[in-house]
2 protein chains.
Amino acid sequence: MGEQPRVIVIGAGFGGLYAARTLKHQAVDVLLIDRHNFHTFTPLLYQVATAGLEAEEIAYPVRGIFRSNTNIDFLMGEVEVIDRAKKTVSIRTNGAVRQERYDYLIVSGGSVTTYFGKPEIGDIAFELKSLDDAIALRNHILRLFERAAWTEDLAHRDALTTMVVVGGGSTGLETVGALRELYQHVLRKEYDALSPRIVLVEAMDHLLAAYPERLQQKALEQLKSLGVEVILGNAVDETAADHIRLASGEVIPTYTLIWSAGVQASPLAQALDLPLKRGGRVPITPMLTTEGDDSVYVIGDMAYLEAPDGKPYPMLIPVAQQQGTLAAKNIVHRLRSEQPKAFSYFDRGIMSTIGRSRAVAYLFNRVQVTGFLAWIAWLGLHLIVLMGFRNRINVLINWIWNYLTYDRSVRIILEPDAAKPKHADEALKSME
Amino acid sequence: MGEQPRVIVIGAGFGGLYAARTLKHQAVDVLLIDRHNFHTFTPLLYQVATAGLEAEEIAYPVRGIFRSNTNIDFLMGEVEVIDRAKKTVSIRTNGAVRQERYDYLIVSGGSVTTYFGKPEIGDIAFELKSLDDAIALRNHILRLFERAAWTEDLAHRDALTTMVVVGGGSTGLETVGALRELYQHVLRKEYDALSPRIVLVEAMDHLLAAYPERLQQKALEQLKSLGVEVILGNAVDETAADHIRLASGEVIPTYTLIWSAGVQASPLAQALDLPLKRGGRVPITPMLTTEGDDSVYVIGDMAYLEAPDGKPYPMLIPVAQQQGTLAAKNIVHRLRSEQPKAFSYFDRGIMSTIGRSRAVAYLFNRVQVTGFLAWIAWLGLHLIVLMGFRNRINVLINWIWNYLTYDRSVRIILEPDAAKPKHADEALKSME
């Protein structure tokens, strides 16, 4: 690294990636840090979990993205300490801890699943925050079907093929829709005797809280027409390995609980040693810096900033992207002794898909679209945003193939043998 | 299952798959058993290991292959006991043991890696026999590069990026070629300071034992032109986590030893309780039945049958395919009281690829082809044989993309969190 100011970007999610991209032709040295060596296109994790897409199709290697940018370096590791006084970041990498110095820091650690004070649910539940999660869920579902196919006890068999998704937001709807379609168009043909129950549980009395009422209603209708059982106004009260119990007392025997009921800021927020807002988010100024330390920017799901209407900006990808870009630009402004700019969110709208030809979209806070048109819009948008040309083509082919054939070709149970210790790994560990 | 004769096929490799396929329109009930729920296109495992193809592209779900065949059932599990007196097979599946009855049994368990009496090598070495192996190797290589990129000690850095492949057969050559290309066309651009050493070690004084001398020589030249270090006539004497030592005394510091020096019949052969031949293979009659029990067929890598020249048929995919088809046909012949047929191998030849535009082929035991032409022949053949239309298109796209851009888009380190115990799994285990 040369004599240029050094910007450390923590997190290669949408916020961090857009920040680094904005800095790639600027007179700064950038160090991008992530625990994975790839960026994950999180909106499609549910497709990997339901065997619609291959894992690698929604992952893009960070070094590949910035290959031609010599001012951007990458470090795979987990940030443990942020020392704002010394302006250093400590990263656990390859088993050792490494310290790196920054002039400016952009923290974009994203969010983690929250169980609202019931962490024991996390021992039972599957979540969909990472590629590992998605593959674990895919393996689990397919294994249960293999088991159910050879199970004579009918009650046990039904429990094996009952899948409960908790949370009536976008991810919940998408997951439940994809699960139902996976069964209806694929598994039904391969496991004659099985007839799974797919249940969506939402504590509030409506789905998709952020949408207008008409679209909430449409989404509910679309789910029901797909054969999904929707339980509204009923929270999960107790979870166990082989069942869940709802607040109403109803017990659902199941081995598959998928939790998409809520997220909170990454625990990395605590490393900043600042008072946090609701959801563990870090309060920031409109310029996206932390209050009292303008060399540290926090963006995306981790950041708490109130919109003009007084509500905090939602934890959405476009917010993270736009904040990532602005944080980077504001650093450049300051290096040029220009005035940094305040964040203003350009809201193109929100959309959720619920399976083939089923979706709802609420565009520019005005236009309501449902059904096939909304689904096409959803498809197009995601293909455009997907990182990398090749991934886009492969995803497109997979989607066209799935659409034309109602097939899912990724139904493989893939579990690298975790029990196989490799001496090389141990030798490397002992060196640390 | 009805009143039809029941055929159990063990193994969904090439032999078992062709056997089951041949039986799909016959008046028999087929139970196909495999420990995975998918068929693996093993000739391309090295491409997955070197980030050229996605794992799912070379795996095809067994239930999908036989979806429209109601007489073919599938059981995911591991065969533990074959009781030829009772005509039953015991399978460990979902943690329990299940017994299944057969009228005819086709055993196609394939082969496993052999370390020639030095099992301790297996603790150190990577192999390429399964999809798990390939992903484990890919993760390992990419992790070493990430580590090397941040390693200042030059000797340690060199050891981290030195990769040794043992075995000068097709798999060894393909792997070493793909590793070299992965570096030359991709990793070199992303890890400026690294300059890996790729070494091929072969105990004999020539490569590709089954090929004519001219092609052996050509293959050696092609490897060298690619920048691969080839060590002939030198065996591996000692392996450790951080180095290997050759018979000559030479020590190569490395954390990556890939073993493709030999295979032997699957240990399942021992379950048959018959005297075994060299390589643990089961001697069979020309009709492909075991000697003394003509309800049991053994095919593919597990079977020992001498060709007219007195040598046993090689452990090659076409042999397994042709034996699978014949074993199934012979069962049908016997059910119709017709005469079973003796095996005769139709040998189209052998080919090995050594990277872009580099390959050798020996067709019909006559025609010798090298270079670009052999490479095109290799590509075409593999695409034709790959199971499943969608897989073929995706693989083709990936290959064209790689060819045009010299890119590898699958360079992601993907390690499902093995430490995350899921209570559901435990609950299911405790039921067993």
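The values are calculated or read from the model by the stated rules, or taken from the named source; none is laboratory data. Given the structure is predicted, the values throughout are model-derived calculations rather than measurements. Positions of Cβ are backbone-derived with ideal geometry, glycine not excepted, and every protein chain shown enters the neighbour counts. All accessible areas refer to the heavy atoms of the entire protein, side chains included, with ligands and DNA or RNA removed. Shrake-Rupley method; radii C 1.70, N 1.55, O 1.52, S 1.80 Å.
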Open item on the list: Checking the structure you have, find out if any residue of the range A:340-347 is in contact with a Leu (Cβ under 7 Å, 6 or more places away or on another chain), more than 29 Å from A:Glu56 (Cα to Cα) and either open to solvent by less than 40 Å² (accessible area, probe 1.4 Å) or modelled with pLDDT of 85 or more (or both).
Closed with: yes
Task: Candidates A:Thr151, A:Thr162, filtered to the one that is touching a Ser or Thr at 6+ places or on another chain (Cβ under 6 Å) and within 12 Å of another protein chain (Cβ to nearest Cβ) - done: A:Thr162
Task: Answer from B:Asp309, B:Asp237, B:Asp293 - the residue that is charged (D, E, K, R) and touching a residue at least 40 places away in the same chain (Cβ under 8 Å) - done: B:Asp293
TODO: Working only within the range A:311-322, note down all residues that are over 16 Å from the mean Cα position of the chain (by Cα) and under 16 Å from A:Ala342 (Cβ atoms).
DONE: A:Pro312, A:Tyr313, A:Gln322
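Residue-wise test of (1) within 27 Å of A:Trp375 (Cβ to Cβ); (2) in contact (Cβ under 8 Å) with a residue 60 or more places away in the chain; (3) assigned to a strand (DSSP E or B).
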site: A:Arg147; (1), (2), (3): no, no, no
site: A:Glu152; (1), (2), (3): no, no, no
site: A:Gly177; (1), (2), (3): yes, yes, no
site: A:Ile198; (1), (2), (3): yes, no, yes
Open item on the list: Against the definition (in contact with a strand residue (DSSP E or B) (Cβ under 9 Å, 6 or more places away or on another chain) and modelled with pLDDT of 95 or more), how does A:Gly15 come out, yes or no?
Closed with: yes
Task: Boolean, B:His185 is surrounded by fewer than 18 Cβ atoms within 10 Å (Cβ to Cβ) and farther than 23 Å from B:Ala359 by Cα - done: no
Open item on the list: I'd like the full set of residues that are more than 9 Å from chain A (Cβ to nearest Cβ) and of a type in the set (Asp, Glu), limited to the range B:55-91.
Closed with: B:Glu78, B:Glu80, B:Asp83
Task: Selection from the range B:1-18 of residues that are of a type in the set (A, V, I, L, M, F, W, C) and over 18 Å from B:Asn37 (Cβ atoms) - done: B:Met1, B:Val7
Open item on the list: Suppose we filter B:Gly15, B:Gly52, B:Gly110, B:Gly117 for residues that are open to solvent by less than 10 Å² (accessible area, probe 1.4 Å) and more than 14 Å from chain A (Cβ to nearest Cβ); which single one remains?
Closed with: B:Gly15
- [ ] Filter the range B:126-148 down to the residues that are more than 16 Å from the chain's Cα centre (by Cα) and open to solvent by 20 Å² or more (accessible area, probe 1.4 Å), then identify the one that is farthest from the other protein chains (Cβ to nearest Cβ).
- [x] B:Arg143
TODO: Go through (1) in contact (Cβ under 8 Å) with a residue 60 or more places away in the chain; (2) within 10 Å of chain A (Cβ to nearest Cβ); (3) open to solvent by less than 40 Å² (accessible area, probe 1.4 Å) one by one and return the number of the condition B:Ala96 breaks.
DONE: (3)
TODO: Can you work out which of the residues in the range A:39-49 that are part of a helix (DSSP H, G or I) and not small (Gly, Ala, Ser) is nearest to the other protein chains (Cβ to nearest Cβ)?
DONE: A:Val48
- [ ] Kindly indicate the residue of the range A:150-168 that is touching a helix residue (DSSP H, G or I) at 6+ places or on another chain (Cβ under 7 Å) and among the hydroxyl-bearing types (Ser, Thr, Tyr) and also least open to solvent (accessible area, probe 1.4 Å) among those meeting that condition.
- [x] A:Thr161
- [ ] Could you grab me the full set of residues in the range B:80-93 that are out of contact with any strand residue (DSSP E or B) (no Cβ under 7 Å at 6 or more places or on another chain) and open to solvent by less than 50 Å² (accessible area, probe 1.4 Å)?
- [x] B:Asp83
TODO: Find the strands (runs of 3 or more DSSP E) located wholly in the range B:207-315 whose residues include 2 or more that are surrounded by 19 or more Cβ atoms within 10 Å (Cβ to Cβ) and at pLDDT below 95, and list them.
DONE: B:236-240
Open item on the list: Being open to solvent by 10 Å² or more (accessible area, probe 1.4 Å), in contact with a Lys or Arg (Cβ under 6 Å, 6 or more places away or on another chain) and within 19 Å of B:Gly292 (Cα to Cα) is the requirement here; does B:Asp103 meet it?
Closed with: yes
Open item on the list: What are the pairs with Cβ atoms under 6 angstrom where one residue, in the range B:352-381, is under 18 Å from B:Leu223 (Cβ atoms) and the other, located anywhere, is among the acidic types (Asp, Glu) and at pLDDT 85 or above? Sequence gap at least six, or different chains.
Closed with: B:Thr353/B:Glu174; B:Gly355/B:Glu181
Open item on the list: For a quick check of your reading of the model, give me the residue pairs whose first member lies in the range B:241-256 and is closer than 9 Å to B:Thr162 by Cβ, whose second is among the β-branched types (Val, Ile, Thr) and open to solvent by 60 Å² or more (accessible area, probe 1.4 Å), with beta-carbon atoms closer than 9 Å and at least 6 apart or on different chains.
Closed with: none
Task: Failed condition for B:Val112, given (1) part of a helix (DSSP H, G or I); (2) closer than 29 Å to B:Trp259 by Cβ - done: (1)
Open item on the list: Which numbered condition in (1) within 29 Å of B:Asn37 (Cα to Cα); (2) surrounded by fewer than 23 Cβ atoms within 10 Å (Cβ to Cβ) is the only one that B:Gly172 fails?
Closed with: (2)
